[in-house]
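Just below is one structure, and these are the notes that go with it.
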Amino acid sequence: MKSVYISVINDLVTDQRVGRVADLLIDQGMEVTCIGRRLKGSPDLHGVRFKSRRYRMLFTKGPLFYGCFNARLLITLLFVKRPGLFISNDLDTLPATYTASRLRRVELIYDSHELFTQVPELIHRKRIQGIWKWIENHYVPRVKHAVTVSFPIATIYRRLYGTRFCVVRNMPLRKEAAIIDRGWKGSQFKGKQLIIYQGALNMGRGLELMIKTMQYLDDAIFIIAGAGDIAHELGKMAEEMGLTHKVQFLGRLLPGQLVQVTMACDLGISLEEDLGLNYRYALPNKLFDYIQCRVPVLCSDLPEMKRIVRTYGVGVATPERDPLKLAGIVKFMLKERSDGNWRDALENAAGELCWENESLVYLDLIHQCRIK
């Protein structure tokens, strides 16, 4: 049996892209081991088909963390038995994975989930950004097989480094309309319409804007499902504005729980700011998760998100950043949702924008590799 080792720097619990790729390879008769880290609050992995190895790290951030993680990853990959393929997810695992692939003469796929050096957290930290750019410039031109999440990001990588990236967007598994369950709302939110944000709670995601918008919405609840760097600040903001009854923080949910919550909601938001190229050309997985749960989308008018929403007619893309005016758009969308609009458009989009279709590109890439 061919063995595949997938490396990622998170704890594997909620990384649905890595899980879908692992399942895809297992369905092709391969043995898959995913390598990540185990954080202090990381739950155990349940219901997964892949093998796993998660490092407990002495350092949790900064240069020592990344250096130690890559050192441990390199040692692991140098001594695993009969590897057939290595998959590196994002730039922070590429140094170790690329080095191991060369030393062991094993095929490597680099899966870049974002334009790493252009994330908002690095844009104003020029020294740190410069280090990551050096790493990217050193390794990416040497990569033979690469994949990323949107066509503009693939184009940027090609222009910078000459490396051809195929595009596999972050799409969920197809859900039939018959299984869509709105029951999570229950009696706790009776008479209220639910607006959801799912994903990381980081700067530039439009979360502060949406919390401010909630002061103008009387019969709606804003559900925030996720964790991240600004979680505490957002909670404090909601409290200071007297909006704790309108803004609910669910924390990080397991994938199955997140689907149940999303299915019960009436509107999904993806209001990222134009903070650098990574956000400008982002195509977040939450966009497709909303669609697959038949929830209309309110998003920024950034190019890739706008193209999906307007092409399939599944919501509204807006440049609006004024809370009062944004509240007017939300009210309109919630009324349209109540009237049954977007139902057919969401159903059609869900049939096309699913992993079953998108994974064919990844399979073609796998077949290009000479897996031992």
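The values are calculated or read from the model by the stated rules, or taken from the named source; none is laboratory data. The model shown is predicted, which means the values in this text are computed figures rather than measured ones. Cβ coordinates were reconstructed from backbone atoms using ideal geometry, including for glycine residues, and neighbour counts include every protein chain displayed.
Descriptive notes on the structure:
- A search for C-beta distances below 8 Å between a residue of the range 26-37 that is in contact (Cβ under 8 Å) with a residue 60 or more places away in the chain and any residue that is of a type in the set (A, V, I, L, M), counting only pairs 6+ apart in sequence or on different chains, returns GLN28/LEU363; GLN28/ILE366; MET30/MET1; MET30/VAL4; MET30/LEU85; MET30/ILE371.
- Among the residues of this structure, LEU365 does not count as one that is farther than 30 Å from ILE109 by Cβ and either under 21 Å from the mean Cα position of the chain (by Cα) or part of a helix (DSSP H, G or I) (or both).
- Verdict on VAL297 being hydrophobic (A, V, I, L, M, F, W, C) and not assigned by TED's automatic domain parsing to the domain that holds GLN28: yes
- Hits in the range 60-105 - residues which are surrounded by fewer than 18 Cβ atoms within 10 Å (Cβ to Cβ) and among the charged types (D, E, K, R): LYS61, ARG72, LYS81, ARG82, ASP90, ARG102, ARG104, ARG105
- Listed by first and then second residue, the pairs with beta-carbon distance under 8 Å, at least 6 apart or on different chains, first residue in the range 175-187 and of a type in the set (A, V, I, L, M), second in a helix (DSSP H, G or I) and surrounded by 10 or more Cβ atoms within 10 Å (Cβ to Cβ), are ALA177/GLU347; ALA177/ALA350; ILE180/MET263.
- Whenever a residue of the range 345-365 is acidic (Asp, Glu), its partners that are part of a helix (DSSP H, G or I) and exposed (fewer than 14 other Cβ atoms within 10 Å of the Cβ), lying with C-beta atoms within less than 9 angstrom and at least six residues away or across chains, give the pairs GLU347/ALA177.
- When the residues of the range 117-149 are filtered to those that are hydroxyl-bearing (Ser, Thr, Tyr) and part of a helix (DSSP H, G or I), the one that is surrounded by the fewest Cβ atoms within 10 Å (Cβ to Cβ) is TYR139.
- Of residues in the range 200-224 being in contact with a Gly (Cβ under 6 Å, 6 or more places away or on another chain) and either surrounded by fewer than 19 Cβ atoms within 10 Å (Cβ to Cβ) or of a type outside the set (A, V, I, L, M) (or both), the one farthest from GLY256 (Cα to Cα): ASN202
- Matching entry among LYS236, LYS246 (being over 23 Å from the mean Cα position of the chain (by Cα) and buried (at least 16 other Cβ atoms within 10 Å of the Cβ)): LYS246
- Residue that is surrounded by the fewest Cβ atoms within 10 Å (Cβ to Cβ) [pool: residues in the range 15-51 that are under 23 Å from LYS61 (Cα atoms) and in contact with a Leu (Cβ under 7 Å, 6 or more places away or on another chain)]: LEU45
- Residues satisfying the stated conditions in the range 152-199, i.e. out of contact with any Asp or Glu (no Cβ under 7 Å at 6 or more places or on another chain), surrounded by 13 or more Cβ atoms within 10 Å (Cβ to Cβ) and assigned to a helix (DSSP H, G or I): ILE153, ALA154, THR155, ILE156, TYR157, ARG158, LEU160, TYR161, TRP184, LYS185
- When residues of the range 218-242 are limited to those that are in contact with a strand residue (DSSP E or B) (Cβ under 8 Å, 6 or more places away or on another chain) and not in a helix (DSSP H, G or I), the one modelled with the lowest pLDDT: ASP219
- Qualifying residue in the range 106-117 (condition: free of Cβ contacts under 8 Å to residues at least 24 places away in the same chain and not acidic (Asp, Glu)): no
- Qualifying residue in the range 101-123 (condition: of a type in the set (S, T, N, Q) and within 24 Å of MET1 (Cβ to Cβ)): yes
- In the condition set (1) within 21 Å of the chain's Cα centre (by Cα); (2) crowded, with 20+ Cβ neighbours inside 10 Å, LEU108 is compliant with all but (1).
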